[in-house]
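Nothing in this text is a laboratory measurement; each read-out follows from the coordinates by a stated rule. As the structure is a computational prediction, the values presented were derived from the model and not from experiment. Glycine also receives a Cβ, built like all others from the backbone with ideal geometry; neighbour counts cover every protein chain displayed.
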Amino acid sequence: MRPPGGSLIGSRGLLGALALVVLGLLAWELRWVLLVLFGAVVLAVALDVPTTVLMRRCRLQRPVALMLVLVLLVGLGLGLGQVLLPELAEQVRQLGLLAPAVAARLAELSRQVSWLPDLNASLASLGSWDRLQPIGTQLLGLAGGAANSTVQVLLMALLAVLFSLDPASHRQLVIALTPRFWRRRMASLLDECREALGGWLAGMTLSAVTVFLLTWGGLALLQVPLSLLSALVCGLLTFVPTIGPTAATLLPLAVALLVSPATVLKVLVLRLVLQNGEAFLLTPLLLRRTVNLLPTVALMAQLSLGALLGLPGLLLALPLVVVLQVICEEVVVREVMDHWR
């Protein structure tokens, strides 16, 4: 005999499952909007940290403190640009001049090693129109993607400033959309996510600056050309752990190949020391009080979001995992698993 409420419970469960499927499909269709929104939240947290410090230390109103932070960031960027930009532009020009020499050196090495492919033959085969036409189409696609990414970054920056002007109202909006019995828990969860994300941003920024300075100094001591450009690439790609530092090492190695094989070995040793020191000593030390991501979780998140969303997903994979880790610990583990009987 069927229980009286069985049909009602079954209908509710079916409607709940259908609602989850519809929400999942809607989120997938709006994935780029949600990605821009989350990127804006990450930038807003980065702006909110110094803004809150100024508000507490100098007793300023939030709009005034935010304006001071933006002015300081722009001034710092212009100052560093005046110091580093001429040298960086010169090194970028030198990179364009050295690229054929690097290709020739690699082709020479490929002829000396039997199991490497002949690069000269490969490059010559690309000279036909049939081979160049798909490459031209891909370059046009990359140009369109770059323009689209520029618009998304500008939109992220605008949304981040708007979020930073009045974070309390946006926080209250999220709490108001939560059921009444869970609103206090949601407020606590938002605070924990903000603390974890802010700590991750601060730690990774310090780590990237340290890697940039040490790489620049090490390459300059080894007298490797394009040391500033190589160090800047290594510092920026520190924000993409596991994949980024390995990819960043290719540029100084390729440039060092023009000097001597001994210089290549020295650069490789330098990058291995800095990369392992940053991954196993500096970053865990900076993030020990805020967030502790397992390397396997970080790598799988980067590979998954990179495959689904491309480069933007790869760049935002770790901050998203930081937030999801807090949510899983506070909601899935404490509210569900710990009470499962």
Review point. Any idea how far the Cα center of segment 38-77 sits from the one of segment 188-264, in Å?
Key: 25
Review point. If each of Ala147 and Ser11 carries a label point 7 Å out from its Cα toward its Cβ, how far apart are those two points in nm?
Key: 5.3
Exercise for review: May I ask you to order 209-217, 13-21 by the average number of other C-beta atoms within 10 Å around their residues, highest value first?
Suggested key: 209-217, 13-21
Point to revise | Length-normalised contact order for segment 182-341 - Cα pairs under 8 Å, 6+ apart - percent | key: 28
Practice item. Provide the three semi-axes, in whole Å and in decreasing order, of the ellipsoid equivalent to segment 246-319 as defined by the square roots of 5 times the Cα gyration tensor eigenvalues. Key: 29, 19, 8
Revision key, fill the gap. Expressed in nanometres to one decimal, the distance between label points 7 Å along Cα→Cβ at Cys58 and Arg105 is 4.8
Check your understanding: Each residue of segment 183-192 in turn: what ³J(HN,Hα) in whole Hz from Karplus with 6.51, -1.76, 1.60 and θ = phi - 60°, glycine and Pro shown as x?
Key -> 5, 5, 5, 5, 4, 5, 5, 4, 5, 5
Point to revise | Packing-based order for 273-286, 328-341, 247-260, using average beta carbon neighbours within 10 Å, highest first | key: 247-260, 273-286, 328-341
Review point. Along segment 312-326, what does the Karplus equation 6.51 cos²θ - 1.76 cosθ + 1.60 (θ = phi - 60°) give for ³J(HN,Hα), rounded to whole Hz, x for Gly and Pro?
Key: x, x, 5, 6, 9, 5, 5, x, 5, 5, 4, 5, 5, 5, 5
Exercise for review: Search the structure for amide H atoms under 5 Å from the amide H of Val240, placed 1.01 Å from N in the peptide plane, and list their residues when 5 or more places away or on another chain.
Suggested key: none
Point to revise | Within segment 169-271: Cβ-based charge dipole about Cα centre, in debye rounded to nearest 20 (Lys, Arg +1; Asp, Glu -1) | key: 440
Check your understanding: How would you order 182-194, 39-51 from highest to lowest mean count of nearby Cβ atoms within 10 Å?
Key -> 39-51, 182-194
